[in-house]
Amino acid sequence: MPRLGGPLEGPLGGYAGRVPVSVALFTRDLRVHDNPVLAAAATAARGCVVPLFVLDDAILGSACNRPNRARFLAESLADLDAALRGIGARGLVVRRGDPATEAAAVCAATGSRQVHVAADVSGFAKRRERRLCDRLSDDRVEVVTHEEVVTVVAPGPLRTAAGDAFAVFSPYHRRWQQQRVRDLVEPPRLQPLDVPGRGLPHQDEICPGATSPDVAQGGETRARQLLARWTAGPVDDYGGGGHDDLATDGTSRLSPYLHFGCL
């Protein structure tokens, strides 16, 4: 196991040396394939990456935290944990609380000087990113944000000539098609760092309650299976009106996977 650098406490205290460590803070990018956050963190630290997910108390205490969503998230985190182990990591480090506070604690424990995170577009995500930058700047830890992780193209260039947001879809679509799509990113090879966490959560720990009988199964593995099935044939009929036929199961069923960044 690599020896970690920086101020170490608890289970990490037996390691000496100064191997650089980066933190990959997962938010809505619960995947190892084509994930610039994870790839960049691995490149910066020669594979010594702490893959971190924080169960955000602000989300868990909100009205959007419902049993179906909780089950999908729990399954997605379990699938991500298995995928990370498949590329060399000890697994996903899960903590609960405020993401900025928990990321700072992990950095303090491992000596990490960088936290990589996906840029996002919602007001909630923007406020979370500001808190993360403000909190970590006190410890002189750099926050590296990555565009085109939760969106295909960055939202910034998608403006009118006057710099305003588009009000009509057609010119917006034309501008979108003019943007360069980044190259795909392969899963990196990680080192097995031993960083304490709380263990993978079950649905009831996130939001207890009965779920729908046909709730989607969470995780990147299932998402890639559905994508392969969709692109192998059904997508060819989608533009011809199949998506409007209520009697036909003509949609991709990928919406929740896109929302949680499993694809």
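The values are calculated or read from the model by the stated rules, or taken from the named source; none is laboratory data. A quick note: this is a predicted structure, and the numbers were derived from the prediction, not measured. As a convention, Cβ positions derive from the backbone with ideal geometry for all residues, glycine included, and neighbour counts pool all protein chains shown. Calculation scope for accessible area: heavy atoms of the full protein, side chains included, ligands and nucleic acids excluded. Shrake-Rupley method; radii C 1.70, N 1.55, O 1.52, S 1.80 Å.
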- Could you tell me whether residue 190 is among the aliphatic types (A, V, I, L, M) and under 20 Å from residue 94 (Cα atoms)? yes
- Item | Among residues of region 81-95, those that are out of contact with any Lys or Arg (no Cβ under 7 Å at 6 or more places or on another chain) and under 22 Å from residue 217 (Cβ atoms), counted | 7
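Residues checked against (1) surrounded by fewer than 12 Cβ atoms within 10 Å (Cβ to Cβ); (2) free of Cβ contacts under 8 Å to residues at least 60 places away in the same chain; (3) in a strand (DSSP E or B):
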site	(1), (2), (3)
154	no, yes, no
167	yes, yes, no
195	no, no, no
228	yes, yes, no
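Criterion first (closer than 29 Å to residue 209 by Cβ and open to solvent by 20 Å² or more (accessible area, probe 1.4 Å)) does residue 122 satisfy it? Before the answer, list the steps.
Details: closer than 29 Å to residue 209 by Cβ: yes; open to solvent by 20 Å² or more (accessible area, probe 1.4 Å): yes.
Yes; evaluated as a whole, the condition is true for this residue.
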- Query: Are any residues in region 33-58 of a type in the set (A, V, I, L, M, F, W, C) and surrounded by fewer than 17 Cβ atoms within 10 Å (Cβ to Cβ), and if so, which ones?
  - Reply: 58
- Selection count where residues are out of contact with any strand residue (DSSP E or B) (no Cβ under 9 Å at 6 or more places or on another chain) and either in a helix (DSSP H, G or I) or open to solvent by less than 10 Å² (accessible area, probe 1.4 Å) (or both), scope region 78-99: 6
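I'm checking my understanding of the structure. Among residues of region 126-152 that are of a type in the set (Lys, Arg) and in contact (Cβ under 8 Å) with a residue 12 or more places away in the chain, which one is surrounded by the fewest Cβ atoms within 10 Å (Cβ to Cβ)? Walk me through how you get there before you give the answer.
At the first step, the residues of region 126-152 found to be of a type in the set (Lys, Arg) are 126-128, 130-131, 135, 140.
If we keep only those that are in contact (Cβ under 8 Å) with a residue 12 or more places away in the chain too, we end up with 128, 131, 135, 140.
Values: 128: 22, 131: 15, 135: 20, 140: 8.
Once the filter is applied, the top-ranked residue is 140.
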- Among residues of region 197-226, those that are part of a loop (DSSP other than H, G, I, E, B), open to solvent by less than 80 Å² (accessible area, probe 1.4 Å) and either hydroxyl-bearing (Ser, Thr, Tyr) or touching a strand residue (DSSP E or B) at 6+ places or on another chain (Cβ under 8 Å) (or both), counted: 6
- Residues of region 115-148 being modelled with pLDDT of 95 or more and of a type in the set (S, T, N, Q), in sequence order, are 145
- Filter region 14-67 down to residues that are part of a loop (DSSP other than H, G, I, E, B) and without any contact (Cβ under 8 Å) to a residue 60 or more places away in the chain and give me whichever is nearest to residue 223 (Cα to Cα). 64
- Item | Out of 74, 109, sole residue that is aliphatic (A, V, I, L, M), at pLDDT below 95 and open to solvent by less than 40 Å² (accessible area, probe 1.4 Å) | 109
- Query: Is one or more of the residues making up region 160-172 modelled with pLDDT under 95 and closer than 24 Å to residue 263 by Cβ?
  - Reply: yes
- Would you check if there is a residue in region 242-251 being open to solvent by less than 40 Å² (accessible area, probe 1.4 Å), modelled with pLDDT under 95 and either out of contact with any Gly (no Cβ under 9 Å at 6 or more places or on another chain) or within 30 Å of residue 46 (Cβ to Cβ) (or both)? no
- Task: Please specify each residue of region 174-183 satisfying the condition of being free of Cβ contacts under 8 Å to residues at least 60 places away in the same chain and either open to solvent by less than 70 Å² (accessible area, probe 1.4 Å) or touching a strand residue (DSSP E or B) at 6+ places or on another chain (Cβ under 6 Å) (or both).
- Result: 175, 179
- Task: Starting from region 252-263, keep only residues that are farther than 11 Å from residue 219 by Cβ and open to solvent by less than 20 Å² (accessible area, probe 1.4 Å), then list their pairs with residues that are of a type outside the set (Lys, Arg) and at pLDDT 95 or above whose Cβ atoms are within a distance under 7 Å, requiring at least 6 positions of separation or different chains.
- Result: 254/223; 261/29; 261/30
